[in-house]
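The values are calculated or read from the model by the stated rules, or taken from the named source; none is laboratory data. Model, not experiment: these values are computed from the prediction. Positions of Cβ are generated from backbone atoms using ideal geometry, with glycine treated the same way; all protein chains shown enter the neighbour counts. To get the accessible areas, we keep the full protein, side chains included, count just its heavy atoms, and leave off ligands, DNA and RNA. Shrake-Rupley method; radii C 1.70, N 1.55, O 1.52, S 1.80 Å.
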Amino acid sequence: MKRVIVLGATGSIGVQALKVIAASPDLYVAGLSCDRSVALLLEQAISLRVNDVAVADERAAATIPGALYPELSVRAGSGAAARLVREVDADLVLNAIVGFAGLESTLAALECGRALALANKESLVCAGSLVTELAARQGVEILPVDSEHSALYQLVGAAGPRAVDSLVITASGGPFRGWDPARLTAVTREQALAHPTWSMGEKITIDSATLMNKGLEVIEAHHLFGLAYDRIEVVVHPQSLVHALVRMVDGALLAHLGVADMRVPIAYALHHPERATVAVERLDLSGGISLDFAAPDEETFPAIGLARAAGAKGDAATCALNAANEVAVRSFLKGDLPFLGISQVVRKIVEASEAGSFGTYAEAVAVDEQARGAAVAVCVEVANARMDCSD
Ligand code: MG
């Protein structure tokens with residue numbers, strides 16, 4: 001039996017992970033965490049008989065009725081998920097927390113030498129060197145849960161790293177593929193949340209619409225596979241059937257295909273090094289499927305270029321980029337910032353960011369907080385500038 005701690009259990013990845021675990025007799029849940037969705041967390045804990053949970057939001061944690069499940073031990077507050085990782089015995093931690101908030105738990109899992117299935121790409125975006133160096137020191141392999149990186153992990157593993165020339169990450173292009181900037185100025189929250197091929201949480205769906213998700217994924221791939229940024233390519237592939245490709249040194253291309261269903265990469269990471277049966281739709285090759293590829297429109301969607309520029313500076317800049325993006329996306333979802341303002345805010349923060357990497361978690365926290373503060377101010381500036389223009 002593999003004991004799994006699921007962090008971010010009430011989010012899209014967490015809920016799907018619990019389905020994968022429920023269908024696997026050799027996996028069981030040892031701990032659960034959430035940000036503030038305590039009603040769902042409690043339901044999960046009761047049905048899976050999990051006694052150890054963590055809730056990041058203290059006020060939400062205080063609303064859990066103790067009488068409903070007396071055995072339940074609730075850790076509450078901002079460091080609660082990392083405490084859960086340290087205190088509860090487990091073989092594997094699935095980190096599906098959204099945003100910078102997931103970094104502390106990633107470091108805790110690695111410090112404890114627990115296998116890490118990583119859906120929190122921000123851990124690598126914000127402190128990639130710190131995370132990968134700690135993983136190497138502890139002899140822990142990071143198993144990516146991001147669909148593209150799971151595909152790359154399998155392809156690079158099959159080919160052997162020395163045979164790899166470069167990596168190709170596919171992008172669906174999001175709901176606004178082919179749109180020009182004039183049309184994008186009036187984009188609403190609902191339009192941006194309607195992703196054509198993947199069903200995901202709100203933050204990552206907006207990141208897919210701006211292509212920032214691909215920007216973050218380029219940084220993630222750089223750290224996971226140790227390849228320079230100019231050896232990581234992004235192509236738009238609207239069908240979302242090819243999840244990634246690897247160019248070999250001899251000119252061959254290996255591709256990873258399958259239906260767009262996150263249970264596949266989740267199950268791969270949870271069962272690694274075994275492969276388990278997953279009850280997903282099989283890709284029907286007799287139906288005349290077509291596979292289209294094109295270069296992303298980086299002029300209209302500058303996020304990938306911004307990520308590369310930040311990556312060239314180092315972890316402090318990619319951490320700042322992530323902080324600015326988190327702030328800007330939240331502001332857009334609240335209706336305060338226009339859609340095109342997201343990349344404008346990120347650009348200003350990346351341009352002002354410093355070069356260099358982190359030696360400690362505290363340094364990453366300091367850069368994250370500073371960049372968030374600056375991004376809040378830039379959001380107001382960008383939103384006001386837009387109002388001036390429309391007057
Ligand atoms: Mg992805």
Per the helix-only model, the chain has a calculated mean residue ellipticity at 222 nm (DSSP H runs of ≥4, -39500 (n - 2.57) each, divided over all residues, rounded to the nearest 500) of -14500 deg cm²/dmol
P(r) tail for segment 170-247, what percent of Cα pairs lie past 14 Å? 64 percent
Let me know the Rg and Dmax you get for the chain when you use only its Cα atoms, in Å. 20.4, 64
3J(HN,Hα) from dihedral phi, segment 240-256, Karplus parametrisation 6.51/-1.76/1.60, rounded to Hz, x for glycine, proline: 6, 9, 8, 8, 6, 9, 10, 8, 8, 5, 8, x, 6, 10, 9, 10, 10
Where the only charges are on Cβ atoms (+1 Lys, Arg; -1 Asp, Glu), what is the dipole of the chain about its Cα centre, to the nearest 20 debye? 460 debye
Can you give me the P(r) profile for segment 256-321? Cα pairs, bins 5 angstrom wide beginning at 0, each as a whole percent. 3, 12, 14, 11, 10, 17, 17, 11, 4, 1
Accessible solvent surface per residue of the chain, calculated while the other protein chains remain in place, 1.4 angstrom probe, Å²: 43 Å²
Largest to smallest principal axis extent of the C-alpha atoms in segment 144-186, angstrom: 46, 22, 10
Can you pull out the GluC sites (Glu not before Pro) in segment 187-276 that DSSP calls coil and that have at most 15 other Cβ atoms within 10 Å? E274
In segment 1-103, which GluC sites (Glu not before Pro) are in a loop and have at most 16 other Cβ atoms within 10 Å, using DSSP for the loop call? E71
Separation between Cα centres of segment 327-353 and segment 104-142, rounded to whole Å: 28 Å
Can you figure out the FRET efficiency of A67 with Y28, using R₀ = 25 Å and their beta-carbon distance, to the nearest 0.05? 0.45
Place +1 on the Cβ of every Lys and Arg and -1 on the Cβ of every Asp and Glu in segment 2-145, take the dipole about the Cα centre, and give the residue among C34, S78, V20 whose Cα lies farthest towards its positive end. V20
Can you list which of the trypsin sites (Lys or Arg not before Pro) found in segment 317-391 are DSSP loop residues with at most 11 other C-beta atoms within 10 Å? K334
Hull volume in cubic angstrom per residue (convex hull over the Cα atoms of segment 1-77): 72 Å³
Alpha-carbon Debye profile of segment 2-145, log10 I(q)/I(0) at 0.14 Å⁻¹: -0.57
Sequence-separation-based contact order of the chain, relative, with Cα cut under 8 Å and 6+ spacing, percent: 15 percent
Over 21 Å [Cα-Cα, segment 293-361], rounded percent: 29 percent
Roughly to the nearest percent, how much of the accessible area of segment 2-145 is carbon and sulfur, given a 1.4 Å probe? 51 percent
Let's see if you can work this out: charge +1 on each Lys and Arg Cβ, -1 on each Asp and Glu Cβ, no other charges. What is the dipole magnitude of segment 98-245 about its Cα centre, in debye to the nearest 20? 140 debye
Under 26 Å, Cα to Cα: Lys pairs in the chain, sequence gap 8 or more or different chains: 18
